[in-house]
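The values are calculated or read from the model by the stated rules, or taken from the named source; none is laboratory data. A quick note: this is a predicted structure, and the numbers were derived from the prediction, not measured. Cβ placement follows ideal geometry from the backbone for every residue including glycine, while neighbour counts extend to all protein chains displayed. Remember, those area values only see protein heavy atoms, side chains included, never the ligands or the DNA or RNA. Shrake-Rupley method; radii C 1.70, N 1.55, O 1.52, S 1.80 Å.
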Protein chains: 2
Amino acid sequence: MALIVAKFGGTSVASPERIKNVAKRLVRIKQQGDAVVAVVSAMGKTTDELMGLSRAVTSNPPARELDRLLSTGEHVSMTLLAMAIEALGYKAMSFSGRQAGILTDGTHNKAHIVKVDNERIQEALDRGFVPVVAGFQGIDANDDVTTLGRGGSDTTAVAIAWGIGADVCEIYSDVDGVYTADPRVAPRAKKLDEISYDDMLELSSAGAGVLQSRAVEFARKWNVVIHSRSAFSDAQGTFIKEESEMEEAVITGIAHDTSEVKVTIRGVPDCTGVAAKVFSTLAATMVNVDMIIQNVSKDGITDISFTCPEGDLGRAKETLDRILPSIQAPYYEVDTDIAKVSLVGTGMKSSPGVAAKAFSTLGENSINILAISTSPIRLSVVVDLAQVSHAVQCLHTAFGLDSDSVFEETQLSAEEIAAKMNKGR
Amino acid sequence: MALIVAKFGGTSVASPERIKNVAKRLVRIKQQGDAVVAVVSAMGKTTDELMGLSRAVTSNPPARELDRLLSTGEHVSMTLLAMAIEALGYKAMSFSGRQAGILTDGTHNKAHIVKVDNERIQEALDRGFVPVVAGFQGIDANDDVTTLGRGGSDTTAVAIAWGIGADVCEIYSDVDGVYTADPRVAPRAKKLDEISYDDMLELSSAGAGVLQSRAVEFARKWNVVIHSRSAFSDAQGTFIKEESEMEEAVITGIAHDTSEVKVTIRGVPDCTGVAAKVFSTLAATMVNVDMIIQNVSKDGITDISFTCPEGDLGRAKETLDRILPSIQAPYYEVDTDIAKVSLVGTGMKSSPGVAAKAFSTLGENSINILAISTSPIRLSVVVDLAQVSHAVQCLHTAFGLDSDSVFEETQLSAEEIAAKMNKGR
């Protein structure tokens, strides 16, 4: 008998009909003789609707109140799922984050789990129930409801899996696993059977939307095996775990990210402390600078470029408008038509020449590199937005990732993947 | 400085705009130098919508899950109200039934409050906050959310008022107080400045919809002064309290109730034990029998009539279909076109002749009495539905309740009163 945690996202529980389907799936797991704990997100657009109500009342809701408001979304979905399981003749019981023992710090809206106390879940399991747990939320030391921020339900599932010692934490969504690249831009992308935590983390933070990196971090820390799989089929998905037992490829996958913008400050005097001033001020105003490129100086004047998330651009511009006079730089330019392409693989550490091969591949394909950054297991380049698909495809081929058959039969529709990219919690 | 509990029903918080109005009202109380705790119901039709979701999943939801589901309605309204108060520059903090210390027994869907532990409310008051409490709900000894049943938010407000020793429990609704009769049927009805708990209880259980009788029972038990008033004006409403300081009228008010039906069993053999068998069987099937009338026997055969709530009629008919053969009664008839009119007044105890005066008044007005029942402070008669308005009016006049001016300027529309009659929680 296996002990399974099964997490279902908002799309999977978006309607009473879908909730009944999830209940059937959970009952099948029970019928196989396994024990299962379900973790759910709020139904479909519930969170947006609650945010809308809040906005109709105030533009500046207190974080504590907003957390309690948003937490109701999962209370609704968890009770409906428990009812649906009972309607199939199996025992079920819903638990809020508090009742499930998800204890967090007091950072409302993006709380961190500090302790997991799954006594009631364990007791319900012992009595043959299917515990249904509200994702995305916990309780702080003041006995106030907190929420865990984006991807929080995945984190809840991993925390519960760790707390009860589950064999696997199954994350059901509308994609059927982790791919070597986004199948929308790389038709020869193939599904990975397994991927290491480190590779998954780099892929997630480089733009792959399938799993929230925070949940993967937790899984790595607590050594919880994640199985990322489709809510709409029984096919095996991708296991995320400590050590891949497969022969290690140099490159595990290629992620791309079109959500960043590039800012170039022109005519900066090339003297000590200017770059420090620019980037410390940006950091102080919460601009998340990703890559930095400084050109070779000419006549004591240089250009400084950096990339940051598009959402931070407003703050970046305010900051630059304020400090540019003091560093005597005449102006700056913003380029929103860029994309970051990242090669990820723990195998990279023991394989020199990845960068050289990547650069020459891009060069042969007339793709201009606008910026470069690296980590021990990642190589990222910034290219023109118009060339992102071409860049992913030629690198995918060059590093031997192509599937034998062109990806088509199981290819997700653009809508399905768009839904995935926008998925909340 | 007064300490006030202010309860707002679903109509008063039905939209973000109305919630902002409630916030303004609470801020005005603060500006007067008083301290206030708000208690709220769920927004408008929220409870119906949640019930609809539940019905879409199962026809037989487990009571524990249904309670948790319904409790989210008040969590939404309480957080929005707290946000709206903060937006006006005042400190506010929402509390679920659990956080507010409403401890109940484990009777899901209609739990009883067993203990009130308002530590957090008191602490928030001490720090200058407006605590906003979710009505209708509590927590049981298993740490599971319970709901208090119909009128539950009024009960929460009274319990909190008792717990913190409030000077008054203000119940805001879309009616501006307790009237001597329903202004829809008695245009000369007048608003009462005060009414005793006992009179209010009899009026509520005889059909007056303004306050839930359970909340009044709690208020009597705990000696909490209730002020029933309008959410949409500043006019004083009606105080419900132990002893009225006004000169005591024989009759305080007249209630009517059109929700009952009359069932008549024809041709019942007039022998020992038949009535006992009928009514004990009806009680066993949860039919709430109100009045019983047995005609004078003729040739050893009689008729037995009783009234019960229309909602119990289905069960009553099933029961009668089953037992009629065994008591050898040939058939029964159902009359749904009846109404109960009740005279209520603690003054009745010391004033003989109320029944005589009522019967002669009805007789002079050609109103036929179909059944009679009494308590020490209530006299109820059943009349034809078509005559209910006439009956209330002539009794209202005969017992000196008429207002000097015909009720018109402040008369509620039929829609407003209909909304009141159907109000939930």
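Within the listed set B:L401, B:L88, B:L362, the Gaussian network model of chain B (springs between alpha-carbon atoms below 10 Å) gives the highest mean-square fluctuation for B:L88. The alpha carbon centroids of region A:260-314 and region A:20-52 are separated by 45 Å. Any chance you could give the angle, 0 to 90 degrees and rounded to 10, that helix A:213-222 forms with the longest Cα principal axis of chain A? Taking the Cα atoms of chain A, the angle to A:213-222 is about 60 degrees.
Sequence-distant contacts, meaning Cα pairs under 8 Å at least 6 residues apart, place the relative contact order of region A:171-324 at 22 percent.
Give me log10 I(q)/I(0) at q = 0.11 Å⁻¹ for the protein assembly as shown, Debye formula, one equal scatterer per alpha-carbon, no solvent. Reported log10 I(q)/I(0), two decimals: -1.23. Let's test the formula: R0 of 30 Å, r as the Cβ-Cβ distance of B:D234 and B:Y90. What FRET efficiency results, to the nearest 0.05? Calculated transfer efficiency: 0.95. What separates the B:M51 label point from its copies, with the point 7 Å along Cα to Cβ, is 3.2 nm, written shortest first.
Could you work out Rg/(2.2 N^0.38 Å) for region B:43-192, with Rg from alpha carbons only?
Working: Rg = 17.2 Å, N = 150, 2.2 N^0.38 = 14.8 Å.
Normalised by 2.2 N^0.38 Å, the Cα Rg of region B:43-192 equals 1.17.
Remark on A:M291: its backbone amide H falls under 5 Å from those of A:T307, a criterion applied only to residues 5 or more positions apart or on other chains, H modelled at 1.01 Å from N. A dipole drawn for chain A from +1 and -1 charges on Cβ atoms has a positive end, and of A:T302, A:N223, A:G135 the residue lying farthest that way is A:G135. Treating cross-link reach as a plain straight distance, find the aspartates and glutamates whose alpha-carbon is under 17 Å from the alpha-carbon of B:K115, omitting any fewer than eight places away in the same chain. B:K115 reaches B:D105, B:D140, B:D143, B:D144, B:D154, B:E217.
For chain B, the Cβ-based charge dipole about the Cα centre amounts to some 780 debye (Lys, Arg positive; Asp, Glu negative; other atoms uncharged).
Taking Lys and Arg as +1 and Asp and Glu as -1, the other residues whose beta-carbon sits under 10 Å from that of A:Q236 total -1. Taking the DSSP bridge list for region A:3-245 and keeping only pairs wholly inside it, about 25 percent are antiparallel.
With contacts taken as Cα pairs under 8 Å at a separation of at least 6 residues, chain A carries a relative contact order of 15 percent. Placing +1 on each Lys and Arg Cβ and -1 on each Asp and Glu Cβ, with no other charges, gives the protein assembly as shown a dipole about its Cα centre of roughly 280 debye.
Compute the long axis of helix A:354-364 from its Cα atoms, compare it with the longest principal axis of the Cα atoms of chain A, and write down the angle in degrees, 0 to 90, nearest 10. Long axis of A:354-364 versus the principal axis of chain A: about 70 degrees.
Counting Lys and Arg as +1 and Asp and Glu as -1, each charge on the Cβ, what is the dipole of region A:19-154 about the Cα centre in debye, to the nearest 20? Walk me through the numbers before you get to the answer.
On the way: 16 positive and 16 negative charges, 111 e Å.
The dipole magnitude comes to about 540 debye.
Using equal-weight Cα scatterers in the Debye expression, the normalised intensity of region A:6-82 in log10 at q = 0.11, 0.13, 0.15, 0.27 Å⁻¹ is -0.35, -0.45, -0.56, -1.19. Over region B:122-266, the hull volume per residue, using the convex hull of the C-alpha atoms, is 174 Å³. Over the heavy atoms of A:K190, what accessible area does a 1.4 Å probe trace out, to the nearest 10 Å²? Surface accessible to solvent at A:K190 totals approximately 80 Å². Only beta bridges with both residues in the protein assembly as shown are counted; by DSSP, about 60 percent of them are antiparallel. Given the options A:R220, A:R266, A:R184, state which has the largest fluctuation in a GNM of chain A using a 10 Å cut-off (strictly under) for Cα springs. Answer for the Gaussian network model of chain A: A:R266. Beta bridges per DSSP, both residues in region B:152-250: antiparallel share near 35 percent. Kirkwood's formula applied to the C-alpha pairs of region B:250-400 gives a hydrodynamic radius of 16.4 angstrom. Share of carbon and sulfur in the accessible area of the protein assembly as shown stands at 49%, probe radius 1.4 Å.
Each Lys or Arg adds one and each Asp or Glu takes one away; over the other residues whose Cβ falls under 12 Å from the Cβ of B:S380, this sums to -2.
Sum -39500 (n - 2.57) across every DSSP H segment of at least 4 residues in the protein assembly as shown, then divide by the residue count to get the 222 nm mean residue ellipticity, nearest 500. Could you put the intermediate results ahead of the total?
On the way: 24 runs with 298 residues, N = 850.
Counting only the DSSP helices, I get -11000 deg cm²/dmol.
Reported to the nearest whole Å, the Cα centre-to-centre distance from region B:190-235 to region A:119-165 is 43. Over all pairs of different C-alpha atoms, chain B has a mean inverse distance whose reciprocal, the Kirkwood radius, equals 23.1 Å. Quick one: angle between helix A:63-87 and the longest Cα principal axis of chain A, in degrees between 0 and 90, rounded to 10, please. On a 0 to 90 degree scale, this one is about 40.
From largest to smallest, the equivalent ellipsoid semi-axes obtained for region B:175-259 from the alpha-carbon gyration tensor read 18, 15, 14 Å. Here the spin labels are modelled as points 7 Å beyond Cα on the Cα-Cβ line, and at B:A355 and A:A56 they lie 5.4 nm apart. Farthest towards the positive end of the charge dipole of region B:46-171, among the residues B:H108, B:A157, B:C169, is the Cα of B:H108, using unit charges on the Cβ of Lys, Arg, Asp and Glu. The lysines whose alpha-carbon is closer than 30 Å to the alpha-carbon of B:K24, local same-chain residues fewer than 8 away aside, are B:K7, B:K45, B:K91, B:K190, B:K191, B:K241, B:K420, B:K423. Measuring from the axis that maps chain B onto chain A, the chain B residue with the nearest beta carbon and its rounded distance in angstrom come out as B:T72, 2.
The HN-Hα couplings worked out from phi for region B:88-97 by the Karplus form 6.51 cos²θ - 1.76 cosθ + 1.60 (θ = phi - 60°) are 8, x, 10, 7, 9, 8, 8, 9, 5, x Hz, whole numbers, x standing for Gly and Pro.
Residues considered: B:I367, B:I292, B:I327. Largest GNM mean-square fluctuation over chain B, using C-alpha springs under 10 Å, is found at B:I327. Close amide H partners of A:V225, meaning residues 5 or more places away or on another chain with modelled amide H under 5 Å apart, are A:C169.
Note on B:K298: lysines with a C-alpha under 23 Å away, same-chain residues under 8 apart excluded, are B:K262, B:K277.
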